[in-house]
Amino acid sequence: MLALRHISKSFDGRSVLRDVSFDFPASAVTALRGPSGCGKTTLVNIILGLLAPDAGEVLLPADARVAAVFQEDRLIEHFSAARNVRLTAPAQVTDAQIYAALAELRLEDAGEKRVSQFSGGMRRRVAVARAALYQPQVLLLDEPFKGLDEDTRAQTAAFLRRVCAQATVVLVTHDAAEAALMGATAELRLAPEKGET
């Protein structure tokens, strides 16, 4: 479903990614790990087609359903939580399923509230629900548990594992415990270029 072939990317003459190749196992979670500045988010943006690599290619079926949870939640501020999720959910996803997902993410009383009123952790969970209920074949999670306490992180991971069990999932994280929480069975580790920190 998803593979990288010799991906390289530089910014202003500074190499961020160099000759990255990887086959992501289908219907499994791969942890994308490495120190800050090693190119994890850049690689996610390349996979999504938001950024062009300088060299190499992303192998992904043209009709693949791809969703992402970005580091920024990218919600529509004046929409309710439920309406933010409905915006991208396929027609076969019912309103009842949306409210059930929000309840599973501990947002049972927040479905009709504008997300502009939400805390950072609440917004994060709406973004997770939106991506998961899109029913993606490929799901990219860029630090999806940011701002969540330990219990809520565990609940959110359980939700993602259940709803996206058949998806090819790429989890960007600094934390081995988060990779374990998501049941990651593979790892792509990026290292900074020599001379970089």
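The values are calculated or read from the model by the stated rules, or taken from the named source; none is laboratory data. All of these numbers come straight from a predicted model, not from anything done at the bench. With ideal geometry, Cβ positions are generated from the backbone for all residues, glycine too; neighbour counts draw on all protein chains shown. Please note that ligands, DNA and RNA were not included when accessible areas were found on the heavy atoms of the full protein model with its side chains. Shrake-Rupley method; radii C 1.70, N 1.55, O 1.52, S 1.80 Å.
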Restricting to the range 56-93, and then to whatever is under 14 Å from the mean Cα position of the chain (by Cα) and among the charged types (D, E, K, R), can you tell me which residue is least open to solvent (accessible area, probe 1.4 Å)? ASP73
Kindly check whether there is at least one residue in the range 160-171 that is modelled with pLDDT under 95 and either at positive phi or open to solvent by less than 40 Å² (accessible area, probe 1.4 Å) (or both). no
Take the residues in the range 1-19 that are part of a strand (DSSP E or B) and either open to solvent by 60 Å² or more (accessible area, probe 1.4 Å) or acidic (Asp, Glu) (or both); name whichever of them is farthest from ALA68 (Cα to Cα). ARG14
Residue check for ALA154: buried (at least 20 other Cβ atoms within 10 Å of the Cβ) and either in contact (Cβ under 8 Å) with a residue 40 or more places away in the chain or farther than 30 Å from ALA62 by Cβ (or both): no
The range 20-38 residues that are in a strand (DSSP E or B), paired with ones that are of a type in the set (Phe, Trp, Tyr) (beta carbon under 6 Å, 6 or more apart): THR30/PHE24
The correct count of residues that are hydroxyl-bearing (Ser, Thr, Tyr) and surrounded by fewer than 14 Cβ atoms within 10 Å (Cβ to Cβ) in the range 20-35 is 2
Single condition PRO136 does not satisfy, out of (1) of a type outside the set (A, V, I, L, M, F, W, C); (2) in contact with a Lys or Arg (Cβ under 6 Å, 6 or more places away or on another chain); (3) surrounded by fewer than 17 Cβ atoms within 10 Å (Cβ to Cβ): (3)
Filter the range 105-129 down to residues that are farther than 14 Å from GLU77 by Cβ and among the basic types (Lys, Arg), then give me how many there are. 3
So for the range 113-128 (the condition being within 13 Å of the chain's Cα centre (by Cα), under 19 Å from VAL85 (Cβ atoms), open to solvent by 10 Å² or more (accessible area, probe 1.4 Å) and not acidic (Asp, Glu)), does at least one residue qualify? yes
Just to be sure, is ALA110 over 17 Å from ALA28 (Cβ atoms) and of a type outside the set (Asp, Glu)? yes
In the range 1-28, what residues are under 22 Å from GLN166 (Cα atoms) and either touching a helix residue (DSSP H, G or I) at 6+ places or on another chain (Cβ under 8 Å) or aromatic (Phe, Trp, Tyr) (or both)? LEU2, LEU4, PHE22, PHE24
Leading residue by the ranking (nearest to SER27 (Cα to Cα)) among those in the range 45-103 that are assigned to a helix (DSSP H, G or I) and without any contact (Cβ under 8 Å) to a residue 12 or more places away in the chain: ASN45
